[in-house]
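Accompanying notes for the structure given below.
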Amino acid sequence: MSNADKKEPATDGGHPMQGSGVVADHESHPLFIPLVFLGGFIFGVGLAVSQMARPEIVIEFLQLRDLGLLFVMGGASVVVGITFWELTLSGRSAPMTGKQFGLRLKSLDRNSVVGGGIFGIGWGLSGICPGAAYASVGIGNIVMLYGIGGMFIGAYLQGQLRETQSRVAGAVTSD
Amino acid sequence: MFELPLLIESLFPRGIEHYLLGGILIGLGTAVIYVGTGIHAGASTFLESTLSYGSKLSRFQQPKFISSRDWRVVFTLGIVSGAMTYALLSGEFGWVTDVQPWRLFIGGILVGIGTRLGKGCTSGHGVCGVASGSRTSILNVAIFMLVAIGVAQLLLAVGVTP
């Protein structure tokens, strides 16, 4: 479907016809968007309260001078773990989407190892990860836009690289 | 008997309460979205799903990005608003990092490449994946954690600061 989209002539000066025919997740329920905003809001408060929105705190953790971040990730994982497992084992489906409750399991391949390594270099260099960077802008740390700009460039570069690779390999699909 | 409090103080010089409270709130935010929608919300997919608005690369034009890009923008705006509200109420708003822009920018590029290639970040793998007991996520987190500690120690050793 994406190839079909690409071949459509772009309308003059208008928005290109992207994503036509794909039903957006949030169209399943009117309260979907408010709920996502609420969840993001609580998530953002947590990033600010924990001080993880400050790269200095993350860098001090990585320098092993203040290990408090273990409690951030630990506290979050316990809450999420109880919720994920409880609902997954219930066998029920989510009320707003009808999606069956399940765990977050991704396939293990070379990319998940190499990607983790590259992310680690970036995290160690800057002290920023995506969620914390968004929250950092929220606390008024406008300099973080350098970091977020970098993240978009990085995400674009890997997209382009993988597309070129899959063209060379003659494969159309990607994960 | 006297060493334990000292050890705790040296490992956690700022205390642990706000770290734990922040972590629980991060978990609650993720849980709220999951309970209603069954979605494991991670923060880094936003980068690619948002690129789908402007880029015609078929990598970004996949249904998984197109169908989630609107709510991912809302999720990110929620994160920004939540952090902003807390900072305004606590009087921290306007805090600016001393970490040099080149570190944020170059680090950001690597974070963008690595999280998307590796299928997740600190929230996707670190919280949702680890909580799910996913071996891929546990391995991914172990790798990025160890590499990041190594890089941070190296920068400290050669005197790159802040």
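The values are calculated or read from the model by the stated rules, or taken from the named source; none is laboratory data. Remember, it's a predicted structure, so these values are computed and weren't measured experimentally. Counting neighbours? That spans all protein chains shown, and the Cβs are built from the backbone with ideal geometry, glycine included.
Check the range A:66-85 and report whether any residue there is hydroxyl-bearing (S, T, Y) and part of a helix (DSSP H, G or I).
yes
Being in a helix (DSSP H, G or I), at the interface with chain B (Cβ under 7 Å from one of its Cβ atoms) and over 25 Å from B:T37 (Cβ atoms): is that true of A:G131 here?
no
When you check A:I59 against the structure, is it out of contact with any strand residue (DSSP E or B) (no Cβ under 9 Å at 6 or more places or on another chain) and within 7 Å of another protein chain (Cβ to nearest Cβ), yes or no?
The answer is yes for A:I59.
Do the conditions hold for A:G124, that is, is it part of a helix (DSSP H, G or I) and surrounded by 24 or more Cβ atoms within 10 Å (Cβ to Cβ)?
The answer is yes for A:G124.
For the range B:25-65, which residues satisfy the criterion of being of a type in the set (A, V, I, L, M, F, W, C) and either touching a residue at least 40 places away in the same chain (Cβ under 8 Å) or over 21 Å from A:Y156 (Cα atoms) (or both)?
B:L25, B:I26, B:L28, B:A31, B:V32, B:I33, B:V35, B:I39, B:A41, B:A43, B:L47
In the list B:L117, B:L139, B:L146, B:L104, which residue meets the criterion of being surrounded by 23 or more Cβ atoms within 10 Å (Cβ to Cβ), under 22 Å from A:D109 (Cα atoms) and not assigned by TED's automatic domain parsing to the domain that holds B:S49?
B:L117
Any idea which residue in the range B:43-62 is surrounded by the most Cβ atoms within 10 Å (Cβ to Cβ), counting only those that are among the hydrophobic types (A, V, I, L, M, F, W, C) and in a loop (DSSP other than H, G, I, E, B)?
Only one residue fits best here, namely B:A43.
Do you know which residues across the range A:142-173 are more than 7 Å from chain B (Cβ to nearest Cβ), in a helix (DSSP H, G or I) and among the polar types (S, T, N, Q)?
Matches in the range A:142-173: A:T164, A:Q165, A:S166.
Of all residues in the range A:137-164, how many are of a type in the set (S, T, N, Q) and touching a Gly at 6+ places or on another chain (Cβ under 8 Å)?
Adding up the residues that qualify gives 1.
Please go through the range A:21-50 and give me each residue that is in a loop (DSSP other than H, G, I, E, B) and in contact (Cβ under 8 Å) with a residue 12 or more places away in the chain, ordered by number.
A:G21, A:V22, A:H29, A:L31, A:S50
Among B:V74, B:V96, B:V158, B:V80, which is the only one that is surrounded by fewer than 17 Cβ atoms within 10 Å (Cβ to Cβ), among the aliphatic types (A, V, I, L, M) and at the interface with another protein chain (Cβ under 7 Å from one of its Cβ atoms)?
After ruling out the rest, the residue left standing is B:V96.
For the range A:101-110, state whether one or more residues are within 25 Å of B:A152 (Cα to Cα) and either in a helix (DSSP H, G or I) or more than 7 Å from every other protein chain (Cβ to nearest Cβ) (or both).
Yes: the range A:101-110 contains one or more residues that are within 25 Å of B:A152 (Cα to Cα) and either in a helix (DSSP H, G or I) or more than 7 Å from every other protein chain (Cβ to nearest Cβ) (or both).
Scan B:F60, B:F75 and give me the residue that is closer than 20 Å to B:G126 by Cβ and among the aromatic types (F, W, Y).
Every option except B:F75 fails the conditions.
Got a number for residues in the range B:1-42 being among the aliphatic types (A, V, I, L, M), farther than 21 Å from B:S134 by Cα and not in a helix (DSSP H, G or I)?
2
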